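Q: Quick one: the structure is below, and I'll ask about it shortly.
The values are calculated or read from the model by the stated rules, or taken from the named source; none is laboratory data. These figures come from a predicted structure and were not determined experimentally. Every residue, glycine among them, receives a Cβ derived from its backbone with ideal geometry; neighbour counts consider all protein chains shown.
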Amino acid sequence: MSNKLESSLPGMQEIKKALDAAAKAEFGVDGKTELSVPDEKFGDLATGIAMQVGKKTGKNPREVAILLAGKLHNLEIVEKVEIADPGFINIRLNDEYLLDSSGRATDLPKPLAGQEILVEFGDPNPFKELHIGHLYSYIVGDSISRLLEAHGASVSRLSYHGDVGLQVAQAVYGLLELGEGSNLGGSYAYGAEKYASMPTAKDRIEAINKAIYTGDDPEIESLHEDGVKLSFEEFDKILNKLSIKTDRRYLESQTWMIGADMVKRNIGRIFKRSQGAIIFEGEKKGLHTRVFLTSKGIPTYETKDLGLVKLKARDYPNANRSIIVTAHEQAEYFKVMLAALAEIEPGLADKTTHIYHGFVSLASGKMSSRTGEVYAASDLLNKVRVETAKQFPSSHSADETYIGAVKYALLKHRIGADIVFDVKESVSLQGNSGPYLQYAHARASSILAKAESEHAAKDGKLEPAERSLARKISEYPGVVSKATEELLPSHITNYLHELAQIFNSFYETSRIIGDERESVRMRLVRNYADVLKSGLKLLNISAPDRV
């Protein structure tokens, strides 16, 4: 990203500035102070800047640390500074400042303001069922979009769909053969089986494939258009349940000619002929060779994606960045495509980021991969909905709960790892789940509803449980910044789970309603509820006031 996102507790910039200035003034070193969040027993912030300075000057790091730490005592936000061997500086923030900061935790900075970012995700192909891999991609891509928007970016959510190609021709063949009343999934399965087992069907399907590209057969064109429209209607039924929108859909039928032209114009310079096909020699880039145009002149996925990049650039000329989310089975393919793009349009390649996620499977072994047994997204949603009804028969927000359970169960994993989805675990209130956090928010809302009034709470000295909660709440902006910088929503899920656990400890030891410290504690409950709601919103999960 062009604007660096800072991960910090409140006060980090002020402390960094003081330490950097001291390193320069006292030792002539242009230090770059890096602050981390240590275990709470050591303080709120920690830095090893003294060891960096000591290495450059040959001075004892502990002596350097003592001198640098002395420059922090005049900062109003700092309560205490301690030195730990061999030269760490541990900093404890002022309690009143920390309490105030917990109330500003949801006021996120906007370093990406003015930037336009494209995020492409989902990408199910027409004539096929939306499976759990697509579901994962949609949920991840939407959360990444929300993170970018939270920091001020203008995000366009895009998707890209294979409406041309052999799989589409197989489905159209099935529709032709099975006749009126046949469904898309069954027609595709029929066509795929005949393509593999019947030579005459194979020839016919390949002819249909060519006709779809050229658009010169009215009957095939009509079946193709109707099938694409019906497919998107089915996809939208699921996306509407998930509250996920798509701003623009691109089709391979829109991109292949653009991509083919890009390849043909660069034959001899970037691409070469090989046995009638047009290839890119990826070995020269440490990759592998891939075909971009077959010997029959049919464009491959690589060529269509080149066209898509060009089409996005035409439609969004001011975009600063383009992020593409796919399954990891496409990782090597994208490396080759982007290597070719870097030679054709280096500026567009520099703006493009490909991130990939792992496979999703259930205990049954059914998967989202091309080689595994495909499991429909609608089936997974129904399973979790039924399990939610069993677990919470009197729930006031059953739909919010089961949708939240699915999203959280997928987002809590680091992107790139394979996932085994456990339906019962996804709705459990005993573990790291979406319903657990939704119930946590409902509990906080219930506490707030019981208070007669909230006061400003001027007493800045916090008790240990109060301070731990205030400290954790105040970490929220830094966690969001880190999640956005690394494009990892799992940082948000991990943080929210830890926050809820710390609140539970606080709640067990700290009486709230009717206590002499009610005003301070109610303020913390409000700040906690606000952060929970904000964090869940970044995951596109509702935060009901009652469940």
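Q: Run S519 past the list (1) more than 24 Å from Q391 (Cα to Cα); (2) part of a helix (DSSP H, G or I); (3) out of contact with any His (no Cβ under 7 Å at 6 or more places or on another chain) and report the number of the one that doesn't hold.
A: Just one mismatch for S519, condition (3).
Q: Evaluate the range 250-269: report whether one residue or more is basic (K, R), in a strand (DSSP E or B) and surrounded by fewer than 18 Cβ atoms within 10 Å (Cβ to Cβ).
A: no
Q: For the condition small (G, A, S) and either on the phi > 0 side of the Ramachandran plot or over 32 Å from the mean Cα position of the chain (by Cα) (or both), what is the one hit in G179, G185?
A: G179
Q: Need the failing condition index for S102 against (1) within 21 Å of D20 (Cβ to Cβ); (2) among the polar types (S, T, N, Q); (3) not assigned by TED's automatic domain parsing to the domain that holds E26, just the number.
A: (1)
Q: Filter the range 433-461 down to residues that are part of a loop (DSSP other than H, G, I, E, B) and at pLDDT 95 or above, then give me how many there are.
A: Total meeting the criteria: 1.
Table: residues versus (1) of a type in the set (S, T, N, Q); (2) under 21 Å from E120 (Cα atoms).
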{"site": "A277", "(1), (2)": "no, no"}
{"site": "E283", "(1), (2)": "no, no"}
{"site": "F292", "(1), (2)": "no, no"}
{"site": "G297", "(1), (2)": "no, no"}
{"site": "T300", "(1), (2)": "yes, yes"}
{"site": "D305", "(1), (2)": "no, yes"}
{"site": "K312", "(1), (2)": "no, yes"}
{"site": "N318", "(1), (2)": "yes, yes"}
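This table checks each residue for (1) assigned to a loop (DSSP other than H, G, I, E, B); (2) aliphatic (A, V, I, L, M); (3) under 22 Å from D100 (Cβ atoms).
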site	(1), (2), (3)
L488	yes, yes, no
Y495	no, no, yes
F503	no, no, yes
L524	no, yes, yes
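Q: Yes or no: the range 403-417 includes at least one residue that is free of Cβ contacts under 8 Å to residues at least 24 places away in the same chain and not acidic (D, E).
A: No, because not a single residue in the range 403-417 is free of Cβ contacts under 8 Å to residues at least 24 places away in the same chain and not acidic (D, E).
Q: Return the residue satisfying two criteria in turn: it lies in the range 88-147 and is in contact with a Leu (Cβ under 6 Å, 6 or more places away or on another chain) and of a type in the set (S, T, Y), and of such residues it is surrounded by the fewest Cβ atoms within 10 Å (Cβ to Cβ).
A: Among those that are in contact with a Leu (Cβ under 6 Å, 6 or more places away or on another chain) and of a type in the set (S, T, Y), it is S143.
Q: Would it be correct to say that V386 is of a type outside the set (K, R), closer than 23 Å to H497 by Cβ and in a helix (DSSP H, G or I)?
A: When the stated conditions are applied, V386 does not pass them.
Q: Step by step: first the residues of the range 400-450, then only those that are in contact with a strand residue (DSSP E or B) (Cβ under 7 Å, 6 or more places away or on another chain) and β-branched (V, I, T), then the one that is nearest to F359 (Cα to Cα). Which residue is that?
A: That would be I419.
Q: Part of a loop (DSSP other than H, G, I, E, B) and under 24 Å from I77 (Cβ atoms), is that true of L469?
A: For L469, the condition - part of a loop (DSSP other than H, G, I, E, B) and under 24 Å from I77 (Cβ atoms) - is not met.
Q: Okay, moving on. Residue under question is K229, and the condition is that it be in contact with a Phe, Trp or Tyr (Cβ under 6 Å, 6 or more places away or on another chain) and without any contact (Cβ under 8 Å) to a residue 40 or more places away in the chain; does it hold?
A: So K229 fails the test.
Q: Related question: Can you name the condition, by its number, that M262 falls short on among (1) touching a strand residue (DSSP E or B) at 6+ places or on another chain (Cβ under 8 Å); (2) more than 24 Å from V228 (Cα to Cα); (3) in contact (Cβ under 8 Å) with a residue 40 or more places away in the chain; (4) not charged (D, E, K, R)?
A: Only one criterion in (1) touching a strand residue (DSSP E or B) at 6+ places or on another chain (Cβ under 8 Å); (2) more than 24 Å from V228 (Cα to Cα); (3) in contact (Cβ under 8 Å) with a residue 40 or more places away in the chain; (4) not charged (D, E, K, R) is unmet by M262, namely (1).
Q: A further question follows. Count, please, the residues in the range 186-207 that happen to be surrounded by fewer than 17 Cβ atoms within 10 Å (Cβ to Cβ), in a helix (DSSP H, G or I) and not charged (D, E, K, R).
A: 7
Q: Can I ask one more? Inside the range 31-113, counting only helices (runs of 4 or more DSSP H) that do not spill past its ends, which hold 1 or more residues that are under 30 Å from R146 (Cβ atoms), in contact with a Pro (Cβ under 9 Å, 6 or more places away or on another chain) and modelled with pLDDT under 95?
A: Correct list: 95-103.
Q: Would you check if there is a residue in the range 277-300 being within 28 Å of L148 (Cα to Cα), touching a helix residue (DSSP H, G or I) at 6+ places or on another chain (Cβ under 7 Å) and without any contact (Cβ under 8 Å) to a residue 40 or more places away in the chain?
A: Taking every residue of the range 277-300 in turn, none turns out to be within 28 Å of L148 (Cα to Cα), touching a helix residue (DSSP H, G or I) at 6+ places or on another chain (Cβ under 7 Å) and without any contact (Cβ under 8 Å) to a residue 40 or more places away in the chain.
Q: I need a count of the residues in the range 280-297 that are surrounded by 13 or more Cβ atoms within 10 Å (Cβ to Cβ), assigned to a loop (DSSP other than H, G, I, E, B) and under 31 Å from the mean Cα position of the chain (by Cα).
A: 3
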